[in-house]
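Take a look at the structure set out below.
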Amino acid sequence: LFLSLFLSLSLYLFLSLVGAGLGLGCVSLGDSELPELQSEGDVVIGGLFPLHYLALEPEHSYRTKPQHTQCNGFDHRAFRWMMTMVFTVDEINRNSTLLPGVRLGYRILDSCDHVHTSLRGALSVVTGKRTEEHIEKGVEERMPGCLAGAPVPAVVGLASSTPTGAVAHTLGPFNIPLVSYFATCTCLTDKLSYPSFLRTVPSDLFQVRGLVQLVSHFGWRWVGILGTSDDYSRYGIQAFTQQLKDQGGCLAFHLTIPNSPSPAGLRAMADTLQSSRARVVVAFATEGQLLEFLSELAARNITGFQWVASEAWVTASLLTSPQFHPLLQGTLGFSFPGVSIPGLGDFLLKVRPSQTPGSEFINMFWEELFGCKLDFGADSISKSSGLTAMCTGSEDLRDTESSYSDVSRVRISYNVYKAVYAIAHALHQLLQCDSTGHGQAQEKCNTSTYFTPRQLLHHLKRVNFTNQFGEKVHFDANGEPVPLYDIINWQKVSSGDIKFQKVGSYDGSAPLSQQLQIDESAIVWIGGQSQVPVSLCSAPCPPGSRQARRPGEPPCCFDCLPCAAGAISNQTGSVDCTRCPEFYWSDRDRVKCVAGIEDFLSFYDTMGIILVSLSLLGVVSTTTVTAIFHRFRATPVVKANNSELSFLLLLSLKLCFLCSLLFIGRPSAWSCGLRQAAFGVSFVLCLSCLLVKTIVVLLAFRATVPGSSALMKLFGPSQQRTLILCSTAPQVCLCAGWLSMAPSIPFRNSSYQGLTGMVVLECKEPWPPGFYLVLGYIGLLASLCLLLAFLGRKLPDTFNEAKLITFSMLIFCAVWISFVPAYVSSPGKYTVAVEIFAILASSFGLLLCIFAPKCYIILLRPERNTKKTLRKG
């Protein structure tokens, strides 16, 4: 940047002093040492082409005049670009409708694809050469036929972005148009830095978008990058990397080829490439920059990589030699649309060397192509190349095969063609040219007024015409064309050569879904394979699993973990697992959600069958005891234990056994509402009977004391029934209010789903205190009953029912005290099972402790079932 600013200032000062702001004539200072290709004309167009792709860094001693920089590596394709400009100028000069009466000339120099040679060539082009004849006439006299107020009012060039940026920065302050045919760096879009720059190729902004879409289209997520240190590569890789990450891709490596790579550096880069798991390499560089590195890879036979080429080298014939076939066959990349320009092939084949000044480049090409030495022309070039055979100059170009003569479908040459025509159309408007009908053109260009490069730039930005190929040529606000690309595939044909086969297209101006069009069946991949290569750091996770990032590694490197229970992933490569909806659960493979298994205490479960059996056993046992008591109701044992209360107690126990059945089976509205009420009322009735029996036993013992018989009269049968009714009524009222205000309802509880996948069907208590009040009242009666029975534990054996009630109450209280923590901690249907078990255990405890001894005496010891025995006891 500093160098370009310095040269810009120097050029400006020189032109201001000599030409009064580029307005005095077509004369200025040039470098007569630079070889060139030139032709005089009324308007001379400059051209800069990378005829050589290697330039040595100059070494200045500041004691002698700097010598011309020696360039190496002759590029036949770039020479075709140069000669395409010559062809286009000749074609325009023969066109009677475009610039009638005005002859175009050209002055073309070699940029050597380097900054300092490009700047030197640009300064030589735009300032022109001064001959002795011109000096004698003086600067005030113009060159004959010169219409422009500058030696060269416009320049066609260059190829690489970094040299182009330096030249555009230098020419910008003077508004000299620079129309590039191959510089694609997005940095050149900046009109503040490059106000006079235009190009016939789209910006890399669109190419990068297309490359990212291409990579994403084939599922390549693990990609290597190869570039250089110039602007084209740096800006392109930066944009590609960011967009690739946005699409979920990652960089496996980023290799940068230095300007002067050492063998050790190339080997290290080759080692990095060879050791990488990435199978796709995207290269942003020119063929000259890639040559040495690819030669190293070819020498070591490092193959198996799918190369994705930028437009800078995708059609480079320099890399199609047989040594690169195993490495680069199957390369895929973007290229500019190609056409077949009529007459260009014949024109190129008619080129002949000459000793006329201005033919140096043709002579260089001739010597390079035929490997001989001309006896005239560029002696220094010939000597340096070590050629010994002599050329006659009459060799036939038709007998050779090179990228120079391959014009079946030119691309960069077409961009040169469009650039020259764009300048010609701008001149046509600037000179107010016109032609009259029926093909008979008449000179109507205004050749009496001189123009400046600024005026030409003004018209060039507004060029809008349709060429002979049907393409509309114009520049947008940034001086760029419509982004159109061909997708090229390197395919090996039967002759053994590499063919650049079009397999798709990319239109950056189309809707996103229609931009990339690819015929996958027409693509030949690396090694001649028909299957798309795979380039992944980690294989996509199968359905039923998810990606888990590896610490310290890029997002594309991951492990596959199975989805957790209750979550699924039904696509390959899922990043996260999706939770199943409520009441649904993941299947065994974790790929789909199925309805959760409804879990409740069923009559058909093993536990349900056991509990039902115990309940029925309790009912049968209670019925049996009732039948025994009814059969032996006249016996002393039955009478002594208050048969009426005994039958009522047996009835309440039977209800307790039966109410446990309400807790088994699918919960419904009636079963949920009835189960707790039936349980609460049945047990309260049972405990009320026990409470009365206990009181009766205590009063009966007191009645044996003289003067206490009145107590038994005060607590007769009617009072006993009243006490049972009064102690049961609060529980009935509580249950009735509970059922009417906040009854239990069926509920699908999915809180256990995250553990087992079960949806527990249970009864939900809208008002939990209701259950605890019912349970608390039962506990209150049980405690009171236990207390009274405990007070009567030392009664004589005749009245030993107090002992039995004490034992039964101890069992009852122990069961229900242990019930509370078990009930709270039991999950799902086991909560119901715990409550049923408590009901059955306490019911069996009461039945066995109170009635078993009596049944034993009635059935097995009838001799003890007499009044005499009772009195003796």
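Length gained on full extension, S448 to A822: 123.5 nm, using 0.36 nm per residue less the C-alpha separation. In order along the range 509-521, phi translates into HN-Hα couplings of 8, 7, x, 4, 6, 10, 5, 9, 10, 10, 9, 5, 5 Hz, rounded to whole numbers, per the Karplus curve 6.51 cos²θ - 1.76 cosθ + 1.60 with θ = phi - 60° and x for Gly and Pro. Per-residue ellipticity at 222 nm computed for the chain from its helices equals -14500 deg cm²/dmol, with DSSP H segments shorter than 4 residues left out and the rest contributing -39,500 (n - 2.57). Here's the picture: charge each Lys and Arg Cβ at +1 and each Asp and Glu Cβ at -1 in the range 169-262, and of F206, T241, F218 the one pushed furthest to the positive end of that dipole is F218. Ranked by how many other Cβ atoms sit within 10 Å of their own Cβ, fewest first, the residues H459, H425, H630 fall in the order H630, H459, H425. Reported to the nearest whole Å, the Cα centre-to-centre distance from the range 579-618 to the range 163-198 is 77. Net charge in the neighbourhood of S621 (other residues with Cβ under 15 Å of its Cβ; Lys, Arg +1, Asp, Glu -1) is +2. Charges were assigned to the Cβ only: +1 to each Lys and Arg, -1 to each Asp and Glu. The resulting dipole of the range 548-595 about its Cα centre is roughly 20 debye.
Counting other Cβ atoms within 10 Å as a rough exposure proxy, the listed residues H428, H60, H458 run H60, H458, H428 from fewest neighbours to most. For the range 548-595, the convex hull spanned by the alpha carbon atoms encloses 68 Å³ per residue. Ordering L512, V638, Q306 by Cα displacement along the dipole of the chain toward the positive end leaves V638 in first place; charges were set at the Cβ atoms of Lys, Arg (+1) and Asp, Glu (-1). Sequence-ordered 3J(HN,Hα) estimates for the range 568-576 from the Karplus curve with 6.51, -1.76 and 1.60 and θ = phi - 60° stand at 9, 9, 9, 10, 6, x, 5, 7, 10 Hz, glycine and proline given as x. Distant-in-sequence amide contacts of K444, defined by a placed amide H-H separation under 5 Å and a gap of 5 or more residues or a different chain, comprise D434. Based on C-alpha pairs under 8 angstrom that are at least 6 apart in sequence, the chain has a relative contact order of 10 percent.
The 3J(HN,Hα) values that the Karplus relation (6.51, -1.76, 1.60; θ = phi - 60°) gives for the range 312-319 are, in residue order, 5, 9, 5, 10, 7, 5, 4, 9 Hz. Gly and Pro appear as x.
Stretching the chain fully between V493 and F603 yields a gain of 31.8 nm (0.36 nm per residue, less the alpha carbon separation). Among (i) 97, 68, 50; (ii) 88, 77, 59; (iii) 167, 61, 54, only one was calculated for this model; which label is it, if the read-out is Cα extents along the principal axes in Å? Entry (iii).
Length gained on full extension, S262 to L192, computed as 0.36 nm times the residue gap minus the Cα-Cα distance: 21.4 nm.
Taking the Cα centre of the chain as reference, the dipole from Cβ charges on Lys and Arg (+1) and Asp and Glu (-1) amounts to some 8340 debye. Ranked for footprinting exposure by Cβ neighbours inside 10 Å, fewest first, L658, L611, L178 give L658, L611, L178. For a label point 7 angstrom out from the Cα of S394 toward its Cβ, which stretches of the range 348-365 have the backbone nitrogen within less than 15 Å? Counting backbone N atoms under 15 Å from the label point, the list is 352-353.
Any read-out appearing in this document is the output of simple, stated calculations on the displayed coordinates, not a laboratory observation. What you see is a predicted model; the values in this text were computed from it and never measured. Glycine gets a Cβ as well: all are built from the backbone with ideal geometry, and neighbour counts include every protein chain shown.
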